[in-house]
Amino acid sequence: MPSAENPYYKKSLISVDDIKERQMLELLLEEAKKMGIHRQAKEALEYLKGHGVSLLFYQPSTRTNSSFHQAAQFLGASVYNPGSMQYSSVSKGENLPDTIRSIANTTDASLIVLRHPDDNSSRTADKFAKMVKPEPVPIINAGSGTLEHPTQALLDLMTIYSKMQTIDELKIALVGDLLYGRTVKSLAMLMARLTTGNEFAFVSPDQQKFPQEYLDKLPEGTSYTETEDLDSILDWADVVYMTRTQKEWFEAHGQMDEYEKLASAMQMTTERADEMHDGSIVMHPLPRQTELRYGVDSDPKAAYFEQMRFGLWTRMALMKLMLVEDPSA
Ligand code: CP
């Protein structure tokens, strides 16, 4: 049963909408901070001793896969991680419900972490994982389709919290492929609902605008602008969150001509980073293409490598909260 004090306990994380209130978000950020302290001391933790965490990745990943794997191990869990589902019976036509129930039974998983190209994949997986006996298995959505990447949004907020000392009253520019990018949608929706006083700028070519249905879902009173002019927000923004043009989705939609035109439309260069004010940061979920020039890496504003480390801590915190009823014990 979900605990009243620990709203994460034995619950799936399918969408940022599952983070119901500010207190729930703050619990995770505080726990992630503690995980950072544990990791800096290289402590061996046993919060997940006896548990198994199974990683099912139907799409490529560097950061999400490695950080979930290591996070589970650092907490004392055993890990099943085939790396890619390419060599599983998925290639023989096995469907997601059967794969989920098979992995739940054969790996005795306490948690399944799923990355999948379909928007509804985590919800479907959750439906079938709830039927597993003797106990339902919670699902963590590690990126689904073009709409959701909830753990990325949480680690992005952990990054903002750590670098800016607050998640409120900031000016946030979300830049790039806002149409197909899932990280920007999850981050914007989570922040708009659970933080206060932030102003957003959605910066993209006209063809890659933040979808209208998402703009319509922003809570009333959310302050935002839309622009195609990256230069216009540089000295305004506290956080510039760059994203790549998502080639795989242009390919899937037969839009490669369009991709070639848009791929380099928005670029963070050293010159542009210089235009940003002192104390501001550049974030990026990575991988990158040409939108984030390598020269920016040595600028103190570049926060995207630390962002990955915050991802490790955030995923450790999330899995602990999902499997340990009283996280203070
Ligand atoms: N940010 C992110 O999801 O990276 P990966 O695709 O490498 O996991």
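The values are calculated or read from the model by the stated rules, or taken from the named source; none is laboratory data. What you are looking at is a predicted structure, and each value in this text was computed from that prediction instead of being measured. A quick note on method: Cβ atoms are made from the backbone with ideal geometry, for glycine too, and the neighbour counts reach across all protein chains shown. Note: accessible area is taken over every heavy atom of the protein model, side chains too, but ligands, DNA and RNA are not part of it. Shrake-Rupley method; radii C 1.70, N 1.55, O 1.52, S 1.80 Å.
Values for this structure:
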{"read-out": "Karplus-derived HN-Hα couplings along region 287-293 (A = 6.51, B = -1.76, C = 1.60, θ = phi - 60°), whole Hz, x at Gly and Pro", "value": "x, 10, 10, 8, 6, 10, 6"}
{"read-out": "Computed label-point distance, nm, for sites LYS130 and HIS253 using a 7 Å Cα→Cβ extension", "value": "3.1 nm"}
{"read-out": "Contact order relative to length of the chain, as percent, for alpha carbon pairs under 8 angstrom and 6 or more apart", "value": "21 percent"}
{"read-out": "Normalised contact order of region 150-308, rounded percent, pairs of Cα under 8 Å and 6 or more residues apart", "value": "25 percent"}
{"read-out": "Anisotropy class of region 58-106 from Cα gyration tensor, a/c 1.5 cut", "value": "oblate"}
{"read-out": "Placed amide H near HIS51: partners under 5 Å, 5+ positions off or other chain", "value": "SER78"}
{"read-out": "Rounded if a/c under 1.5, otherwise prolate or oblate - the chain, Cα gyration tensor axes", "value": "prolate"}
{"read-out": "SER102/ASP231 FRET efficiency (R0 51 Å; Cβ-Cβ; nearest 0.05)", "value": "0.45"}
{"read-out": "Pair SER66, LEU45: separation of 7 Å Cα→Cβ label points (nm)", "value": "2.0 nm"}
{"read-out": "Tensor-based shape of region 134-205 (alpha-carbon gyration tensor, a/c under 1.5 rounded, otherwise prolate or oblate)", "value": "oblate"}
{"read-out": "Top of GLY295, GLY143, GLY36 by mean-square fluctuation, Gaussian network on the chain, Cα under 10 Å", "value": "GLY295"}
{"read-out": "Helix 63-74 vs. the chain, principal-axis angle (Cα, 0 to 90°, nearest 10)", "value": "40 degrees"}
{"read-out": "Whole-Hz ³J(HN,Hα) from phi, Karplus 6.51 cos²θ - 1.76 cosθ + 1.60, for region 39-56, glycine and proline x", "value": "5, 5, 8, 6, 6, 8, 9, 10, 4, 10, 4, x, 8, x, 10, 10, 10, 10"}
{"read-out": "FRET E, pair ASP118, GLU275, Förster distance 41 Å, beta-carbon r, rounded to 0.05", "value": "0.55"}
{"read-out": "Accessible carbon and sulfur surface of region 150-308 relative to its total accessible area, %, 1.4 Å", "value": "44 percent"}
{"read-out": "Amide hydrogen neighbours beyond the local backbone of GLU199, cut-off 5 Å, H modeled", "value": "LEU170, LYS171, ILE172"}
{"read-out": "Proximal charge balance of PRO7 [Cβ under 15 Å; K/R count +1, D/E count -1]", "value": "-4"}
{"read-out": "For region 172-329, projected area of the alpha-carbon convex hull averaged over all directions, nm²", "value": "11.1 nm²"}
{"read-out": "Under-5 Å amide H pairs with LEU13, H placed in peptide plane, nonlocal only", "value": "ILE139, ILE140, ASN141"}
{"read-out": "Heavy atoms of ARG272 accessible to a 1.4 Å probe, total area in Å² rounded to 10", "value": "60 Å²"}
{"read-out": "Local electrostatic count, THR270, Cβ distance below 9 Å [Lys/Arg +1, Asp/Glu -1]", "value": "-1"}
